[in-house]
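Every read-out reported here was derived from the displayed coordinates using simple, explicitly stated rules and does not represent laboratory data. As the structure is a computational prediction, the values presented were derived from the model and not from experiment. For neighbour counting, all protein chains shown are included, and Cβ atoms are generated from backbone atoms with ideal geometry for every residue, glycine included.
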Amino acid sequence: MIQQLPIRLLAFTIAIVFVSFPVSPILAVPLTQNNVPSTSTNQTKLKLYGGAKTRTPMVQWYLEELGIKYDYISLDISAGENRKPEYLAINPMGKVPAILDGNLKLWESGAILLYLAEKYKNKPASIEESAQVTQWVFFANATLSPALFTEEKRKTEMPRLLEALNQALQNKSFLVGNDLSAADIGVASYLYFAKILVPVNYSQYPAINSYLNAMEARPAFKNTLSKR
Ligand SMILES: N[C@@H](CCC(=O)N[C@@H](CS)C(=O)NCC(=O)O)C(=O)O
């Protein structure tokens, strides 16, 4: 009995450790408020700097999908608030969006999306799928956006890209895996901006059309991009 005590004590200690720190593999998790690390409630809220009629709502969309509380600081771009020293201290390039998260000042919408994906663990489990998310975010910013918003490229480049994107979206709800990711935020945001601003019509690309309709129906999209 007495000899068994240390073994019982050891078993008890192991049980306590497992209950306190459940083994949780870092996998892609659904987008819920629970993704927010518990420490974030103790920290100051993330600040998002943006402006009217800018691409800032794409970052807002993702923040809302992730359930992250944030303060939105709207700069008057037409009055040049984005060129004032206070803001240049956040983004020396004088562009929006930018975020301040703790001590981190981060700008470039794609970099912000990928940071949020990393921090809030909204990433596919495999390194390969994770790389595909990065690929689509880069594609959205560097390739798709210029093709949609440059008059010349709309003729020479856009049809080819939209055809390939339409193929990539065949029978798929999301660009990578089975959940919404930063890839969808990047690509769908630019598709939507072009639809309402240019306007670009996607009727000859049925997979893009239904993908974008599904994105537009999401509550977080309605709260952000739709209100732009
Ligand atoms: N590649 C940057 C582009 C940022 C950008 O051009 N932002 C525009 C608004 S959408 C801006 O800040 N314009 C104001 C200016 O240039 O003064 C990103 O994706 O964040």
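Under the 0.36 nm per residue contour assumption, what length would be gained going from the current alpha-carbon distance of Ser78 and Val198 to full extension?
Computed gain between Ser78 and Val198 is 41.1 nm.
Where in region 156-194 is the amide nitrogen less than 15 Å from a point lying 7 Å along the Cα-to-Cβ axis of Glu128?
Under 15 Å, as judged by backbone N against the label point of Glu128, lie 176-178 of region 156-194.
Using a simple spin-label model with points 7 Å from Cα along the Cα→Cβ vector, what separation in nm is obtained for Ser226 and Asn213?
Here the answer is 1.5 nm between the modelled labels.
In debye to the nearest 20, how big a dipole does region 46-119 give about its Cα centre with +1 on each Lys and Arg Cβ and -1 on each Asp and Glu Cβ?
I would put it at about 180 debye.
In region 135-152, which residues have a backbone nitrogen under 16 Å from the label point lying 7 Å from Met93's Cα in the Cα-to-Cβ direction?
137-146
Under a point-charge model restricted to the Cβ atoms of Lys and Arg (+1) and Asp and Glu (-1), what is the dipole moment magnitude of region 127-227 relative to its Cα centre, in debye to the nearest 20?
340 debye
Given q = 0.15, 0.18, 0.19 Å⁻¹, what are the Debye log10 I(q)/I(0) values for region 105-228, with equal point scatterers placed on the Cα positions and solvent ignored?
Treating every Cα as an identical point scatterer, log10 I(q)/I(0) equals -0.68, -1.00, -1.11.
Provide Rg over Rh for region 46-119; use the alpha carbon set for both Rg and the Kirkwood Rh (inverse mean inverse pair distance).
Reported Rg/Rh (Cα atoms, Kirkwood Rh): 0.94.
Distance in nm between label sites at Lys53 and Asn171, each 7 Å beyond Cα in the beta-carbon direction?
Distance between label points: 4.4 nm.
Using the charge dipole of region 124-211 (Lys, Arg: +1 at Cβ; Asp, Glu: -1 at Cβ; taken about the Cα centre), state which of Ala164, Val137, Leu148 has its Cα farthest towards the positive end.
Going by the charge dipole, the pick is Leu148.
Using a basic spin-label model with each label point 7 Å from the Cα along Cα→Cβ, how many nm lie between Gln135 and Asn178?
Between Gln135 and Asn178, the label points sit 2.1 nm apart.
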